[in-house]
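Have a look at the structure below before the remarks.
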Amino acid sequence: MVSETVQVSCVTNGGTKSNESFKRKHLGSDEHASASRHDSSDAKGDIGPSDRDLAANINEDTQADDASVCMQKKVRLPKELTFQDMYHNQDAFDDDDEDDSDWEPVQKHIEILKWFCTNCTMVNLDDVFLCDICGEHKESGILRHGFYASPFSPEVELVQVESEATGREKEIWSEASASNCSTAVGFDERMLLHSEVEIKSHPHPERPDRLRAIAASLSAAGIFPGKCCLIPAREITLEELQMVHSSEHIEVVELTRQMFSSYFTPDTYANEHSAHAARLAAGLCADLASAIFSGRVRNGFALVRPPGHHAGVTQAMGFCLHNNAAVAALAAQAAGAKKVLIVDWDVHHGNGTQEIFDQNKSVLYISLHRHEGGKFYPGTGSAFEVGTKGAEGYCVNIPWSRGGVGDNDYIFAFQHVVLPIASKFAPDFTIISAGFDAARGDPLGCCDVTPAGYTQMTHMLSTLSGGKLLVVLEGGYNLRSISSSATAVIKVLLGESCECEPENIVPSKAGLLTVLEVLKIQMKYWPNLSSSFEKLQLQRAMYSVEKKQKQVKRRRVFEPPLWWRWGRKQLLFHILTGHFHLK
């Protein structure tokens, strides 16, 4: 009989060790067997075992061997055991001679292959080619061709776009060419260096690809470079920033230049380039506002990041470092504007912008956002937040009570709240905090505004301030949605005609109730809203009547025959049809 020594590796307390007890057990049994054979061969006469005892021992050994063979035949364990297999076959591992309770099986690490969607950043398994969330192809060309690239094919399938751009127009325009165009774009590639350094389990939604997708869409459409001119970028000065933020906040942001990776909040990151990118974004917005108000260009689009409307006087939050819209508003006032309107249609409330101008009557802030009783980020922006210390009424919040809000509710709110108040305010300059995270398909906003909806809202606001309009990019995290929506907005700035303003917009019931709540609160400060409030009250009454009619119709689904109305069946008839109620 040949003895074999087997070494078993096991993982215990994070380390690997040799199971010496397992080796000693087999070595000991072999030594005992060899010693027994030696004694039996040398024993003579009375010293050795009797023939009967020897036969009995042989029979016992044979029965034991047969039992072990039967056990091996009965229990056929797989080569790689799972915990469930061992649990159901634990008798095969029982050993009374040795305590090996510290033994653990070697588990093979199984790596699950996955990929993150370029369009919406959602995770998908490697065996699928279209994103389960947005339907974008695994090898989408959206970063090279914008939303004109096919979402279903890795091949480049571009929609035919009429482009008037020539070779000269496709070059980046200089500042001298600004006088030859009506729409300016603020963009600088150095803002793409602002990104999250730390590798996490999921890509950050506020990523450089947002600007790349918009720029690719504008280029594919021949809009920029082409029909729009470029405003050269510069860093905002310390003096300009101090008009918006506290010195402590500015210093904290500047400290990130010395850090490879840092965080203001768990979702607001910075790297060594972030402070520079934030200052470039703010500087572009300030220069665009000055150029538009002075008449050098008619309007403009600030294609900037990091976004800004969550950044308040003393803190950075919500992906935002410096408040770009607030910087632009004060730059317009420095250029001569007396009254500035800021309309914020980002799906999140711009708590930072509201805080900065909360006591300022020269800046009217109107925000449309998901609120849901304060449960939606950042939790601020209820209809009762109207401004403080003499500036009541100069803050108007339109807080949606649910997700899924679409074009009709937004345009309805524009018709009955935004435009009536803005027209009465009569601004000299208009700024749109244009977050596109309320767009259809956005993973964070979960609303349903289409490019046509953004087109209509931009067109409505372009009638104010003599057309002096600046659009500042805020949120938006579905690349196809943000690029198509931004392109639609810039086309309005360029003067492309859009459909006439719809007259008979039918809002959702939740949207109507929200608008009524806002009107009831803001009527104290804007009396011109009273007529609209009374009209919508009648519409709400009609909703209530229709609801009651539907309830009555449900109760009268069962219509008994006429003969039930007389005799003994009369009482039962009235109970069934709801005309008789027992008290």
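The values are calculated or read from the model by the stated rules, or taken from the named source; none is laboratory data. In this text, all values refer to a predicted model and were calculated from it rather than measured experimentally. Ideal geometry is used to build each Cβ from the backbone, glycine not excepted, and the neighbour counts take in all protein chains shown. These area figures cover heavy atoms from the full protein model, side chains too; ligands, DNA and RNA do not enter into them. Shrake-Rupley method; radii C 1.70, N 1.55, O 1.52, S 1.80 Å.
Among the listed residues Ala335, Ala328, identify the single one that is touching a Ser or Thr at 6+ places or on another chain (Cβ under 6 Å) and either open to solvent by 10 Å² or more (accessible area, probe 1.4 Å) or under 25 Å from Phe414 (Cα atoms) (or both).
Going through Ala335, Ala328 in turn, just one is touching a Ser or Thr at 6+ places or on another chain (Cβ under 6 Å) and either open to solvent by 10 Å² or more (accessible area, probe 1.4 Å) or under 25 Å from Phe414 (Cα atoms) (or both): Ala335.
For the structure I just gave you, tell me whether Thr237 is surrounded by 12 or more Cβ atoms within 10 Å (Cβ to Cβ) and over 18 Å from Ile199 (Cα atoms).
yes
Which condition does Ala488 not pass, out of (1) crowded, with 23+ Cβ neighbours inside 10 Å; (2) part of a helix (DSSP H, G or I), if it passes all the others?
(1)
Can you list residue pairs whose Cβ atoms sit under 6 Å apart, with the first residue in the stretch 260-278 being farther than 16 Å from His309 by Cβ and the second being surrounded by fewer than 18 Cβ atoms within 10 Å (Cβ to Cβ) and basic (Lys, Arg)? Count only pairs 6 or more apart in sequence or on different chains.
Hits for this filter: Glu272/Arg257; Ala275/Arg257.
Keeping to the stretch 278-290, report how many residues are small (Gly, Ala, Ser) and surrounded by fewer than 24 Cβ atoms within 10 Å (Cβ to Cβ).
Residues meeting the conditions: 1.
Taking the stretch 504-531 as the search range and keeping residues that are within 15 Å of Ile411 (Cα to Cα), part of a helix (DSSP H, G or I) and without any contact (Cβ under 8 Å) to a residue 40 or more places away in the chain, which one is farthest from the chain's Cα centre (by Cα)?
Leu516
When the residues of the stretch 240-267 are narrowed to those that are under 30 Å from Ile292 (Cβ atoms) and among the small types (Gly, Ala, Ser), which ends up least open to solvent (accessible area, probe 1.4 Å)?
Looking at the filtered set, the residue picked out is Ser246.
Would you say Val297 is in contact (Cβ under 8 Å) with a residue 12 or more places away in the chain, of a type in the set (Val, Ile, Thr) and closer than 19 Å to Ala233 by Cβ?
Yes, satisfied.
Quick check on Ala270: is it part of a helix (DSSP H, G or I) and open to solvent by less than 10 Å² (accessible area, probe 1.4 Å)?
No; evaluated as a whole, the condition is false for this residue.
Got at least one residue in the stretch 569-578 being surrounded by 12 or more Cβ atoms within 10 Å (Cβ to Cβ), in a loop (DSSP other than H, G, I, E, B), modelled with pLDDT under 60 and in contact with a Leu (Cβ under 8 Å, 6 or more places away or on another chain)?
Looking through the stretch 569-578, none of the residues is surrounded by 12 or more Cβ atoms within 10 Å (Cβ to Cβ), in a loop (DSSP other than H, G, I, E, B), modelled with pLDDT under 60 and in contact with a Leu (Cβ under 8 Å, 6 or more places away or on another chain).
For Ala215, indicate whether it is open to solvent by less than 40 Å² (accessible area, probe 1.4 Å), modelled with pLDDT of 95 or more, under 21 Å from Asp287 (Cβ atoms) and assigned to a loop (DSSP other than H, G, I, E, B).
No: the conditions fail for Ala215.
With the structure loaded, tell me whether Val297 is open to solvent by less than 30 Å² (accessible area, probe 1.4 Å), part of a loop (DSSP other than H, G, I, E, B) and closer than 24 Å to Leu516 by Cβ or whether it fails that test.
The answer is no for Val297.
Being under 26 Å from Gly453 (Cβ atoms), open to solvent by 30 Å² or more (accessible area, probe 1.4 Å) and in a loop (DSSP other than H, G, I, E, B) is the filter here; which residues of the stretch 338-375 pass it?
If the condition is that a residue be under 26 Å from Gly453 (Cβ atoms), open to solvent by 30 Å² or more (accessible area, probe 1.4 Å) and in a loop (DSSP other than H, G, I, E, B), then Lys375 is the only one that fits.
Do we find that Gln333 is polar (S, T, N, Q) and either touching a Cys at 6+ places or on another chain (Cβ under 9 Å) or closer than 25 Å to Pro205 by Cα (or both) in this structure?
So Gln333 fails the test.
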